[in-house]
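Notes follow the structure.
FYI, it's all coordinate maths here, none of it is from the lab. Computed from a prediction, not measured in an experiment: that's the story for all the values here.
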Amino acid sequence: MISLADVYHVVSATVPLYVVMILAYLSVRWWKIFTPDQCVGINRFVAKYSIPLLAFQLVSENNPFKMNLKLILSDVLQKVLAGVSMLLAVKISGKGDMNWVITGISVSTLPNSLIFGIPLLKAMYGDEARVIVLQFVVLQSALWYNVLLFLFEMSTKAENHEKRDEGEVESQQEMQPKDGDEEAKPTVQKSSRVVLSLLKVGGKLAKNPNTHATIAGLIWASIRFRWGVAMPQIVNKSITILSDGGLGMAMFSIGTIFINDRNNFK
C-alpha cells in the first residue's frame, strides 16, 4: 500500500521540475526578462551542452557488462510491437503517413526517462529503480532516439523527393512534343537518390551532440567498469558543473518553448 510518505517523496521529486518550467514561462510571458533571441540561445545551450553532458554522465554510470538481458529484449519487443501496430493502423485507416507512425511510437514507447523518469522512480522505489532506469536511458540514447531521428530524416527526404518528382513530371509533360517523340528520361535514378539520402541522414546523425555524448559515455563506461579506471578529477568536475544543471536547464527551456511565437512577446 502506498503511504503518505511515498506520495510526499514523489511530489517532492516532481514538483520542483514544474516550478522551474513555470518560472521560465512567467519570465518570458509576463515579466519580459528574456527576449525571443535570448530564448533561442537558451534552447541551443540546452541542446548542445546541458542535455548531452547529462546524457554522458548518466550513460557512463551504467555498467554495460551487467545490463539486464530480459529488460533489453522486452524493450526491443515493445518497440517492434508498437511499430507494427502503428503501421497496421495507418494502412487499415488509409489516413496518415510515416510521420504518424513515428509519432505514435515515440509517444507510446519512449517516455522522457532522462528528465522525469529518474527523479520520479527513484523517489518511488529507491536506488534500485534508478539502476533500471539508467539502462532504459542507455537504450533510448544509444539506439531508439537515433532510430527515430533517422526515420524522421528519411520521411522528410521522401516527401521532398515526391514533390520534386511531381514537378519533373509536370515539366516533362509541358515540354513533350505533339508528334509523340520519346519522353525525356529522368536525370537522377531513384536508387541513387536513396543512397544519397542515407548518406545525408547519416551525416546529420553524426553531427548530433547527443549521439557523440552517448557513444563517449558507452566507451568510458566500458573502460571504467572493465579496468576500474577513474576519471581525472579535473575532467569530471568540468563535466558535472554543466551536467548537474542540465535537468533544470532542460525544464527551463521547455517553459520558454511554450511561448515561442514572437507575437506573445508583444
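With 0.36 nm allotted per residue and the present C-alpha distance subtracted, the Asn236-Asp37 stretch has 68.5 nm of extension available. Taking only the Cα atoms of region 1-42, the radius of gyration and Dmax are 15.7, 49 Å.
Normalised radius of gyration (Cα atoms, divided by 2.2 N^0.38 Å) for region 1-150: 1.26.
Note on region 53-112: semi-axes of the ellipsoid equivalent to its C-alpha gyration tensor, largest first and rounded to whole Å, are 31, 15, 6.
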